[in-house]
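One structure is given here, and the rest of the page talks about it.
The values are calculated or read from the model by the stated rules, or taken from the named source; none is laboratory data. Predicted model only: the values in this text are computed from it and were never measured. Note that each Cβ is placed from the backbone with ideal geometry, even for glycine, and that neighbours are counted across all protein chains shown.
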């Protein structure tokens with residue numbers, strides 16, 4: 001979670017007495033593994049391959065819209081691809097440090 005979002009939620013008057021679920025919509029395991037395989041070469045052979053065309057989510061899967069939180073806070077939240085690719089890179093860096 002972006003620490004600035006917590007500060008904005010506590011200090012922006014329009015956010016007063018409101019709760020926000022921060023999410024850029026639905027994300028499946030398939031979408032996460034595809035983002036990792038396509039954007040981090042070191043993970044290509046270590047990440048499961050999904051079934052093409054299968055996003056892994058049912059039509060009734062939970063979804064959230066953060067547009068109101070973005071409008072009130074003035075913060076643009078990152079999408080799932082950015083989030084999981086950065087996480088993958090961080091985990092690889094931790095793994096490398098542990099193996100050194």
Notebook entry, point to check: Say we look at the stretch 34-43 and pick out the residues that are in contact with a helix residue (DSSP H, G or I) (Cβ under 7 Å, 6 or more places away or on another chain) and either part of a helix (DSSP H, G or I) or without any contact (Cβ under 8 Å) to a residue 40 or more places away in the chain (or both); which of these is nearest to residue 76 (Cα to Cα)?
Noted result: 35
Next item on the list: Test residue 20 against the stated conditions and say whether it is surrounded by 15 or more Cβ atoms within 10 Å (Cβ to Cβ) and without any contact (Cβ under 8 Å) to a residue 60 or more places away in the chain.
Entry: yes
Next item on the list: Please state which of the following conditions residue 14 fails to meet, knowing it meets all the rest: (1) touching a helix residue (DSSP H, G or I) at 6+ places or on another chain (Cβ under 7 Å); (2) in a helix (DSSP H, G or I); (3) surrounded by 12 or more Cβ atoms within 10 Å (Cβ to Cβ).
Entry: (3)
Checklist line | Every residue from the stretch 23-60 that is within 15 Å of the chain's Cα centre (by Cα), crowded, with 17+ Cβ neighbours inside 10 Å and modelled with pLDDT of 75 or more | finding: 27, 30, 31, 32, 33, 34, 35, 36
Item checked: Hits in the stretch 68-91 (condition: surrounded by 15 or more Cβ atoms within 10 Å (Cβ to Cβ) and over 14 Å from the mean Cα position of the chain (by Cα)) -> 69, 70, 72, 73, 75
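Let's see how each residue does on (1) under 30 Å from residue 96 (Cα atoms); (2) in contact with a helix residue (DSSP H, G or I) (Cβ under 7 Å, 6 or more places away or on another chain); (3) free of Cβ contacts under 8 Å to residues at least 60 places away in the same chain; (4) not in a loop (DSSP other than H, G, I, E, B):
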{"position": "9", "(1), (2), (3), (4)": "no, yes, no, yes"}
{"position": "32", "(1), (2), (3), (4)": "yes, yes, yes, yes"}
{"position": "45", "(1), (2), (3), (4)": "yes, no, yes, no"}
{"position": "85", "(1), (2), (3), (4)": "yes, yes, yes, yes"}
Check: For the stretch 61-83, which residues satisfy the criterion of being in a loop (DSSP other than H, G, I, E, B) and either at pLDDT 80 or above or under 30 Å from residue 11 (Cβ atoms) (or both)?
Finding: 62, 63, 64, 65, 66, 74, 75, 76, 77, 78, 79
